[in-house]
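Below is one structure, written out as structure tokens; comments come after it.
The values are calculated or read from the model by the stated rules, or taken from the named source; none is laboratory data. Because the structure is a prediction, the values reported are computed rather than measured. As a convention, Cβ positions derive from the backbone with ideal geometry for all residues, glycine included, and neighbour counts pool all protein chains shown.
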Amino acid sequence: MKFLRNFCLLVVALVALLCGCSESNEDGVRSAKRFEELKTLPLDSVLSRAFNFYEQYQATNDTLLRDSMDDYRNHFFARWKRSTDSLCGTIPADDSLVADLLAIYKAVLEFDAKRKYRYVLDEEEREKRDTLEDTLNEKRKNAKPIDPIDVDEILKRWNSDSMRAVRERADSIYAVKIRAIPLDEALNRLSEDSSSIYNYAYFVQTLEVLYVDTAVVDMKELDKVHIFRIKRDAWKETRSACMEKTPMGQRILVMNKEYNILLNDFMKANVRESRSDRYTIKPNKYPFWHPFINVIPEHWGDDYHFNSFPVIHNAVFNKAHDMVQLNVMQSFNSGSYYYLSKRSGKWEVVRRQDGWVM
């Protein structure tokens with residue numbers, strides 16, 4: 001009897017599994033068929049129809065209208081993803097500069113996630129985190145204890161060089177503390193924040209980067225390079241490589257000129273808001289796009305940002321390409337400077353310095 005009962009349970013499990021596979025296959029076939037039906041539509045028509053269903057759903061709460069909205073919206077992102085895959089394939093993987101920029105971008109993203117995690121900690125949590133980080137740092141091989149900064153002593157002999165030294169020291173200590181945070185710990189906390197860029201399904205990556213090579217030999221010299229004083233004709237344009245996924249696991253969409261124009265035209269045609277509302281930044285400001293991508297207005301003019309922050313705009317390398325200063329856009333109206341060093345073949349954030357605000 002026991003054997004018969006176990007046999008029956010096995011049969012039931014196999015039937016359930018086969019039915020599940022069958023349903024999954026049917027869903028896949030339906031999805032592929034629907035994709036073929038819709039792919040003849042221009043992308044702007046796909047978006048317009050999705051938004052029309054979205055407005056009707058908002059007014060009636062009819063789930064059939066919501067499903068129709070999702071159908072068109074999902075199709076739009078599926079085609080964008082295909083465009084991204086095609087675009088990424090055009091970038092040579094054996095280009096050392098492209099490879100470096102990709103590794104640098106991933107290092108910046110990881111550091112940015114940990115930095116944002118530290119920012120959301122309350123005072124008690126931050127003190128606990130500081131104690132743990134100091135302990136970890138002191139246990140590192142050849143690690144030196146972190147010396148406190150005597151601000152009063154520095155102020156007594158104040159000059160621009162001494163204040164630069166204070167800033168460099170503070171930024172370096174901060175970077176060491178940030179690096180000590182496990183990425184999983186940071187992401188688990190940020191997952192509770194609905195406004196976090198890491199909670200969107202896609203990360204919109206821009207590939208164009210302006211760079212220059214300089215004759216600097218160390219970080220102190222690199223710090224003295226003023227990105228905005230470099231002549232325009234000295235910059236060279238290159239392209240990064242596409243990430244398959246972000247270090248946080250998000251799928252990648254590539255922002256190119258075609259999609260930037262398409263999305264801006266769509267937003268300008270369908271979003272009507274006052275100037276004060278336009279510059280009110282809040283989580284999921286434009287719910288039509290949630291949970292796919294984050295969209296916010298540009299600080300100047302009537303255009304919108306679709307690329308995901310942080311965005312690397314400029315990179316100043318040394319000749320050996322083992323040090324770099326980055327101009328990184330952190331939000332719609334602010335930026336910062338990252339200093340990275342390549343150690344044992346791996347890029348690491350050495351400092352992050354607050355930069356500009358519009």
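Determine, yes or no, whether residue 240 is farther than 29 Å from residue 49 by Cβ, buried (at least 19 other Cβ atoms within 10 Å of the Cβ), assigned by TED's automatic domain parsing to the domain that holds residue 167 and not charged (D, E, K, R).
Details: farther than 29 Å from residue 49 by Cβ: yes; buried (at least 19 other Cβ atoms within 10 Å of the Cβ): yes; assigned by TED's automatic domain parsing to the domain that holds residue 167: yes; not charged (D, E, K, R): yes.
Judged against the criteria, residue 240 is a match.
Determine whether region 7-17 contains at least one residue that is farther than 30 Å from residue 270 by Cα and modelled with pLDDT of 75 or more.
Looking only at region 7-17, we keep the residues that are farther than 30 Å from residue 270 by Cα, and these are 7-17.
If we keep only those that are modelled with pLDDT of 75 or more too, we end up with none.
No, every residue in region 7-17 fails to be farther than 30 Å from residue 270 by Cα and modelled with pLDDT of 75 or more.
Just to be sure, is residue 255 out of contact with any strand residue (DSSP E or B) (no Cβ under 7 Å at 6 or more places or on another chain), in the same structural domain as residue 342 (by TED's automatic domain parsing) and within 22 Å of residue 283 (Cβ to Cβ)?
On the way: out of contact with any strand residue (DSSP E or B) (no Cβ under 7 Å at 6 or more places or on another chain): no; in the same structural domain as residue 342 (by TED's automatic domain parsing): yes; within 22 Å of residue 283 (Cβ to Cβ): yes.
So residue 255 does not fit the description; no.
Which one of these does residue 328 not meet: (1) touching a His at 6+ places or on another chain (Cβ under 8 Å); (2) at pLDDT below 95?
(2) is the only condition that residue 328 fails.
If you go through region 95-112 one residue at a time, how many are within 20 Å of residue 212 (Cα to Cα) and of a type in the set (Asp, Glu)?
2
Mind telling me which of the residues 85, 71 ends up being over 23 Å from residue 172 (Cβ atoms) and under 20 Å from the mean Cα position of the chain (by Cα)?
Working: 71 fails: under 20 Å from the mean Cα position of the chain (by Cα).
Selected residue: 85, the only one of 85, 71 that is over 23 Å from residue 172 (Cβ atoms) and under 20 Å from the mean Cα position of the chain (by Cα).
How many residues does region 265-277 hold that are surrounded by fewer than 16 Cβ atoms within 10 Å (Cβ to Cβ) and either under 24 Å from the mean Cα position of the chain (by Cα) or polar (S, T, N, Q) (or both)?
From region 265-277, those surrounded by fewer than 16 Cβ atoms within 10 Å (Cβ to Cβ) are 265, 268-270, 272-277; that's our starting set.
Next, only the ones that are either under 24 Å from the mean Cα position of the chain (by Cα) or polar (S, T, N, Q) (or both) stay: 265, 270, 274, 276.
Residues in region 265-277 being surrounded by fewer than 16 Cβ atoms within 10 Å (Cβ to Cβ) and either under 24 Å from the mean Cα position of the chain (by Cα) or polar (S, T, N, Q) (or both): 4 in total.
Exactly one condition in (1) closer than 29 Å to residue 246 by Cα; (2) in a helix (DSSP H, G or I); (3) of a type outside the set (A, V, I, L, M) is false for residue 37; which is it?
(1)
Check off (1) touching a residue at least 60 places away in the same chain (Cβ under 8 Å); (2) under 20 Å from the mean Cα position of the chain (by Cα) for residue 297 and give me the number that stays unchecked.
So residue 297 meets the others, but not (1).
What residue, of 355, 345, is surrounded by fewer than 21 Cβ atoms within 10 Å (Cβ to Cβ), of a type in the set (Gly, Ala, Ser) and under 27 Å from residue 296 (Cβ atoms)? Write out each step before concluding.
Working: 345 fails: under 27 Å from residue 296 (Cβ atoms).
Result of the check over 355, 345: 355.
Counting only residues that are buried (at least 17 other Cβ atoms within 10 Å of the Cβ) and modelled with pLDDT of 95 or more, give me the helices (runs of 4 or more DSSP H) lying completely in region 60-152 with at least 3 of them. Reasoning before the result, please.
On the way: elements: 63-88, 96-120, 123-139.
The qualifying helices (runs of 4 or more DSSP H) are 63-88, 96-120.
Please enumerate the residues belonging to region 300-326 that are under 15 Å from the mean Cα position of the chain (by Cα) and touching a residue at least 60 places away in the same chain (Cβ under 8 Å).
Within region 300-326, the subset under 15 Å from the mean Cα position of the chain (by Cα) is 305-313.
The answer is 306, 307, 308, 309, 310, 311, 312, 313.
Under the condition of being farther than 18 Å from residue 100 by Cβ and assigned to a strand (DSSP E or B), which residue from region 344-358 is nearest to the chain's Cα centre (by Cα)?
Step one: filter region 344-358 for residues farther than 18 Å from residue 100 by Cβ, giving 351-358.
Now drop any that are not assigned to a strand (DSSP E or B), which leaves 351-357.
Details: 351: 19, 352: 17, 353: 19, 354: 18, 355: 19, 356: 19, 357: 20 Å.
Result: 352.
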